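Heads up: the structure comes next, in structure tokens.
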Amino acid sequence: MAKESKTTLTILPDPLLKKRLNDVPDDWFGGKEIKELADEMHGVMLEANGIGLAANQIGRDLRFFVIDKKLAEENKIPNAFANPEITESSNDADEMEEGCLSIPGFTGLIRRPKKIKFKGYDVDGNKIKIKARGMLAKVLQHETDHLNGVTIKDRSGN
């Protein structure tokens, strides 16, 4: 049974949700601190019934996020990403209703590219390159937005 997290979610209008976050330092990779952060974030995400969680959503100024472990396993990718970047996006896009753990009660129709290319690092510092589509592409884009200080409110125009 997962232990209950004492960490609370950062809620808009907290200014940390509106700034570009700092890179995860190189000396963190493979260390205890980044792995404990990933575990803590997965716990918070599960308690809140989310499918992704960025570090600024728990008050940390780091370019780091986690995604649902089942979604990661289905796509044969890690479930935590450091210093990620979307390197390509398809012109073909669609709209989907999205919510955000840091904006309780708000949902919006968000237009996003259907396919992306994404790169970053896992908790051990291994370089990751992913071609994503569908729900995985949406989650990676949503969480990467958080690391850049962009929320679904910004994307929805509300």
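Applying the selection to the stretch 75-85, what residues are in contact (Cβ under 8 Å) with a residue 24 or more places away in the chain and open to solvent by 10 Å² or more (accessible area, probe 1.4 Å)?
ASN75, ILE77, PRO78, ASN79, ASN83, GLU85
Only one residue in GLY43, GLY59, GLY31 is open to solvent by less than 70 Å² (accessible area, probe 1.4 Å), free of Cβ contacts under 8 Å to residues at least 60 places away in the same chain and on the phi > 0 side of the Ramachandran plot. Which one?
GLY59
Would you tally the residues in the stretch 110-158 being part of a strand (DSSP E or B), open to solvent by less than 20 Å² (accessible area, probe 1.4 Å) and not hydrophobic (A, V, I, L, M, F, W, C)?
Number satisfying all stated conditions: 2.
The values are calculated or read from the model by the stated rules, or taken from the named source; none is laboratory data. Quick caveat, the model's predicted, so the values are computed rather than measured. Ideal geometry is used to build each Cβ from the backbone, glycine not excepted, and the neighbour counts take in all protein chains shown. Accessible surface is based on the protein model in full, side chains and every heavy atom, while ligands, DNA and RNA are left aside. Shrake-Rupley method; radii C 1.70, N 1.55, O 1.52, S 1.80 Å.
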